[in-house]
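Chemist: Before I ask anything, let me first share the structure, which is written out below as C-alpha cells.
The values are calculated or read from the model by the stated rules, or taken from the named source; none is laboratory data. Being a predicted model, the structure only gives us computed values, none of them experimental. Neighbour counts run over all protein chains shown; Cβ positions are idealised from the backbone, glycine included. We work out accessible area using only protein heavy atoms, side chains counted, and drop any ligands, DNA or RNA first. Shrake-Rupley method; radii C 1.70, N 1.55, O 1.52, S 1.80 Å.
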Amino acid sequence: MADNGSMDVPEISKEWYSDVVDAAAASPEPVQWFVGHATEGVILLLGALLLIAALSRRSGGPRDRALALIAPAPALLAYVGSEWFKTVVDEDRPCRTVGRAIIAGTCPPPGDWSFPSNHATIAGALAVTTLLLSRRLGLVALPLAALGAFSRVFVGVHYPHDVIAGVLFGALVAVVATPLLARPTTELLRRRAQSPIPKLAGRPHP
C-alpha cells in the first residue's frame, strides 16, 4: 500500500490545484502541448540565460570573474536543499490523492515526494542568480521562472504551495549563496593576479 505522505495539504492549495488542472484539461490541445513542453524547456532556457550572463562577466575584474565562476552553484545548492526537504516533509503528489485528470502523461511514482517542487526551486535559483549577474537578462528570466513553476501545477504533478515554496526557496538560496561564494572566489582571483609570475631561466651561452 502506497504511503500517502505525512504533510497536511492546505485546503486552499487543493482547491487551486483542482481549478488549475480542470482548466488545463479543458484547454485547447496546442495550449496543453506548449505548457507540457515548457515545464522542462523553461529550465533549459534559464540555464542558457545564466550561461550568457556569466560569460558577459568573464572579461571584467576579479569580482565579475568570480561571479561567472560560481554562477551554477546556487542552483545546485538549492536543488540539494529541496531534495532534503522532500525527505523531511513526505507530501504525496496531488495526481495520486486529489483525483483529477492530468496532462503530464504519468504521475511520478510513490516516494517521489511533492513538496517542494524541484523544478520550481531550480527555476527560482537560476532566475535570481541571472538577475544578480545581469539585470537585463534577469528581467527575462524571472517571468520564465514563474511560467515554469506554474506549468508544474498545470500538468498536474504539484500543488500550488509546492511551487510557491520552491521558487521562494530557490530565490533565497541564490540571494544568500551568490555573494557568500563570490567573496572568497574574488579574493582568490585577486591574489593570483597579484602574485609574480616566475621567469624561466634562459639557457647559458657557451
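Chemist: In segment 124-148, what count of residues is obtained for those that are farther than 19 Å from Ser13 by Cβ and touching a residue at least 60 places away in the same chain (Cβ under 8 Å)?
Modeler: Filtering segment 124-148 for residues farther than 19 Å from Ser13 by Cβ gives 125-145, 147.
With the extra rule that they be touching a residue at least 60 places away in the same chain (Cβ under 8 Å), the set shrinks to 126-127, 129-130, 132-134, 137-138, 140-141, 144-145, 147.
The total comes to 14.
Chemist: Looking only at segment 65-103, which residues are open to solvent by 30 Å² or more (accessible area, probe 1.4 Å), in contact with a Leu (Cβ under 9 Å, 6 or more places away or on another chain) and more than 20 Å from Asn118 (Cβ to Cβ)?
Modeler: Arg65, Leu69 - these are the residues of segment 65-103 that are open to solvent by 30 Å² or more (accessible area, probe 1.4 Å), in contact with a Leu (Cβ under 9 Å, 6 or more places away or on another chain) and more than 20 Å from Asn118 (Cβ to Cβ).
Chemist: Follow-up. Regarding Ala145, is this residue open to solvent by less than 10 Å² (accessible area, probe 1.4 Å), touching a helix residue (DSSP H, G or I) at 6+ places or on another chain (Cβ under 7 Å) and within 30 Å of Leu188 (Cβ to Cβ)? Break it down stepwise before answering.
Modeler: On the way: open to solvent by less than 10 Å² (accessible area, probe 1.4 Å): yes; touching a helix residue (DSSP H, G or I) at 6+ places or on another chain (Cβ under 7 Å): yes; within 30 Å of Leu188 (Cβ to Cβ): no.
Against the criterion (open to solvent by less than 10 Å² (accessible area, probe 1.4 Å), touching a helix residue (DSSP H, G or I) at 6+ places or on another chain (Cβ under 7 Å) and within 30 Å of Leu188 (Cβ to Cβ)), Ala145 does not qualify.
Chemist: While we're here: Which of the residues spanning segment 132-142 are part of a helix (DSSP H, G or I) and either open to solvent by 10 Å² or more (accessible area, probe 1.4 Å) or over 23 Å from Phe34 (Cα atoms) (or both)? Spell out the reasoning first.
Modeler: The first filter runs over segment 132-142 and keeps only residues part of a helix (DSSP H, G or I), leaving 132-133, 135-142.
Scanning segment 132-142 gives Leu132, Leu133, Arg135, Arg136, Leu137, Leu139, Val140, Leu142.
For every residue, the table says whether it meets (1) at pLDDT below 90; (2) in a helix (DSSP H, G or I); (3) over 13 Å from Ala125 (Cα atoms).
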site: Tyr17; (1), (2), (3): no, yes, yes
site: Ala38; (1), (2), (3): yes, yes, yes
site: Leu50; (1), (2), (3): no, yes, no
site: Asp64; (1), (2), (3): yes, yes, yes
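Chemist: So, Arg58, is that one more than 15 Å from the chain's Cα centre (by Cα), open to solvent by 40 Å² or more (accessible area, probe 1.4 Å) and touching a residue at least 60 places away in the same chain (Cβ under 8 Å) or not?
Modeler: Details: more than 15 Å from the chain's Cα centre (by Cα): yes; open to solvent by 40 Å² or more (accessible area, probe 1.4 Å): yes; touching a residue at least 60 places away in the same chain (Cβ under 8 Å): no.
The answer is no for Arg58.
Chemist: All but one of (1) surrounded by fewer than 24 Cβ atoms within 10 Å (Cβ to Cβ); (2) farther than 16 Å from Val163 by Cβ; (3) of a type in the set (S, T, N, Q) hold for Thr129, so report the exception by its number.
Modeler: Thr129 satisfies every listed condition except (1).
Chemist: Hey, another quick one. Among the residues in segment 23-37, are any open to solvent by less than 90 Å² (accessible area, probe 1.4 Å), within 24 Å of Leu139 (Cα to Cα) and either in contact with a Cys (Cβ under 6 Å, 6 or more places away or on another chain) or touching a residue at least 24 places away in the same chain (Cβ under 8 Å) (or both)?
Modeler: yes
Chemist: Within segment 48-59, is there a residue that is more than 22 Å from Val157 (Cβ to Cβ), out of contact with any Ser or Thr (no Cβ under 7 Å at 6 or more places or on another chain) and among the basic types (Lys, Arg)?
Modeler: yes
Chemist: Hey, does segment 159-177 have a residue that's buried (at least 22 other Cβ atoms within 10 Å of the Cβ), in a loop (DSSP other than H, G, I, E, B) and within 15 Å of the chain's Cα centre (by Cα)?
Modeler: Checking segment 159-177: not a single residue is buried (at least 22 other Cβ atoms within 10 Å of the Cβ), in a loop (DSSP other than H, G, I, E, B) and within 15 Å of the chain's Cα centre (by Cα).
Chemist: Here is a further query. Of the residues Pro116, Pro110, only one is under 20 Å from Gly156 (Cα atoms), open to solvent by less than 30 Å² (accessible area, probe 1.4 Å), assigned to a loop (DSSP other than H, G, I, E, B) and of a type outside the set (Val, Ile, Thr); which? If you could, list the steps in order and put the result at the bottom.
Modeler: Details: Pro110 fails: open to solvent by less than 30 Å² (accessible area, probe 1.4 Å).
Only one candidate passes the filter, namely Pro116.
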